[in-house]
1. Nearest 500 deg cm²/dmol is fine: what mean residue ellipticity at 222 nm does the chain get from its DSSP H runs of n ≥ 4 alone, each adding -39,500 (n - 2.57), divided by its residue count?
2. Pick the calculated Rg and Dmax of the Cα atoms in Å for this structure from (1) 15.7, 49; (2) 17.8, 62; (3) 15.6, 46?
3. How would you rank 145, 73, going from fewest to most other Cβ atoms within 10 Å of each one's own Cβ?
4. Given R₀ = 30 Å, what would the calculated FRET efficiency be for residue 85 paired with residue 14, taking r from the Cβ atoms and rounding to 0.05?
5. Can you pull the one-decimal nm distance between simple spin-label points at residue 72 and residue 148, each 7 Å off the Cα toward Cβ?
6. What ranking do 17, 66 get, fewest neighbouring Cβ atoms within 10 angstrom at the top?
7. Could you work out the relative contact order of the chain, using alpha carbon pairs under 8 angstrom and six or more residues apart, expressed as a whole percent?
8. At a 10 Å Cβ-Cβ cut-off, how would you order 19, 85, 153, fewest neighbours first?
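No value in this document is a laboratory result; all are computed from the given coordinates. Model, not experiment: these values are computed from the prediction. For neighbour counting, all protein chains shown are included, and Cβ atoms are generated from backbone atoms with ideal geometry for every residue, glycine included.
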């Protein structure tokens, strides 16, 4: 006899927060920065650019992330091969850029970022785009190996995917001086 599952308000958000907290600080920073760029959440260059090189990188990312709207529109409604011709190359190309930045060090962080950039309908396509991008020769062989080993068998062979939209979108948090904090 199957039990009815009760959804506890906020439980999924808390699980998403825990997952994000498990990523390294560089990965967390890159995800927050990428969400600012991809979701147009304010001045990403002003918030995240620590030097001229990083500012140039953010501007390049913003140019590439202009493809996000087209990718969202092109997400296939079914798994027919003829429906992926214009969609997968763009997704793989963008994924290759993000993996090439060296801050997304595994499938869980990649999935976390792309679910937020593109929505829940992207989930069935993420294992394939991740594996394709992680296999490209622009990455060092050791990095390719680490990335490809990071996708679990369950993620790679999932029989279905949730349609629930992500609820936690991490953002920049200003540092608070502890000496000036109110008691």
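1. Values: 10 runs with 98 residues, N = 183.
Helices in the chain give a 222 nm mean residue ellipticity of -15500 deg cm²/dmol.
2. The value computed from this structure is option (2).
3. Result, fewest neighbours first: 73, 145.
4. Numbers: r = 39 Å, r/R0 = 1.32.
With R0 = 30 Å, the Cβ-Cβ based efficiency is 0.15.
5. Label-label distance for residue 72 and residue 148, simple model: 3.3 nm.
6. The fewest-first ordering by Cβ neighbours comes to 66, 17.
7. 26
8. Values: 19 14, 85 10, 153 7.
With the fewest neighbours first, 19, 85, 153 line up as 153, 85, 19.
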